[in-house]
Amino acid sequence: MINPFRSEADAFRLLIGAVVYIGAIGIAALAGGGWAALIVFIVLTLAVVIWWAVARTADRPAQTRPSAHAAGERRILVVANETLGGQELQRLIEERSSDMPTVILVCTPALNSRLRHWASDEDGARLAAQERLDASLEGLRSLGIDASGEVGDANPLQAMEDALRTFGADEIIISTHPEGRSNWLERGVVEHARERFTVPIRHVVVDLDRERAEAHS
């Protein structure tokens, strides 16, 4: 199931709005009785519907086009974090790199807890992302694949947009955990990326638990 909120901040704002909405109706009922409460309810409901319609239109970002690059090569932006070392992701990268010269940019969003994010404490998250990124790049280069990487914004969509400003990708590969274990899938990251970016997007599911079990069997 896709989480309807883009972030925990959106969910928090909805909670505050609901409290204010219910509180205003309750105060009107105490101050002026049932009719006053009904009037406040109608006015607030209309205001919420109008705000939602305007916000829904405004929230549709213009599609982002990547920067151009020289002909004769394929450029792939790979977006992953904890699944960077997954075999399924590596197989797909190898497959997409086999038929023509290919340049890979691996972008690893710096995952962080809400508390640390609000406190602007991202050092630990960026360090962990950098370690996973370094290990992934070493593996890709050992296969003869031209790969570089960067640690991106904690928001994967923002990380993709930032990368596309300087990297002319012909396609994007998004790697996630399986459904039910993937925060990105719950947030609809893949669907939002397909709406937001003009290049083809491939989604690969990496089940690290299964891969580890098979490796030890």
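The values are calculated or read from the model by the stated rules, or taken from the named source; none is laboratory data. Computed from a predicted structure; not experimentally measured. No Cβ is skipped: glycine too gets one built from the backbone with ideal geometry, and neighbour counts run over all protein chains shown. Remember, those area values only see protein heavy atoms, side chains included, never the ligands or the DNA or RNA. Shrake-Rupley method; radii C 1.70, N 1.55, O 1.52, S 1.80 Å.
Restricting Ala24, Ala53, Ala28 to those that are modelled with pLDDT under 90, open to solvent by less than 30 Å² (accessible area, probe 1.4 Å), assigned to a helix (DSSP H, G or I) and out of contact with any strand residue (DSSP E or B) (no Cβ under 8 Å at 6 or more places or on another chain) reduces the list to Ala28. Taking the criterion of being open to solvent by less than 80 Å² (accessible area, probe 1.4 Å), charged (D, E, K, R) and within 25 Å of Glu161 (Cα to Cα), the only residue of region 192-217 that qualifies is Arg196. In summary, Ala169 fulfils each of the numbered conditions (1) in contact (Cβ under 8 Å) with a residue 40 or more places away in the chain; (2) open to solvent by 10 Å² or more (accessible area, probe 1.4 Å) with the single exception of condition (2). Just to be sure, is Val189 touching an Asp or Glu at 6+ places or on another chain (Cβ under 7 Å) and crowded, with 19+ Cβ neighbours inside 10 Å? Criteria not met by Val189.
Check region 136-149 and report whether any residue there is within 17 Å of Leu89 (Cβ to Cβ), under 18 Å from the mean Cα position of the chain (by Cα) and of a type outside the set (Val, Ile, Thr). There is at least one residue in region 136-149 that is within 17 Å of Leu89 (Cβ to Cβ), under 18 Å from the mean Cα position of the chain (by Cα) and of a type outside the set (Val, Ile, Thr).
Applying the condition of being surrounded by fewer than 18 Cβ atoms within 10 Å (Cβ to Cβ) and charged (D, E, K, R) to region 88-103 and asking which residue is farthest from the chain's Cα centre (by Cα) yields Asp99.
Listed conditions (1) over 17 Å from Ile201 (Cβ atoms); (2) surrounded by 13 or more Cβ atoms within 10 Å (Cβ to Cβ); (3) modelled with pLDDT of 90 or more; (4) of a type outside the set (Phe, Trp, Tyr) are all met by Arg126, apart from (3).
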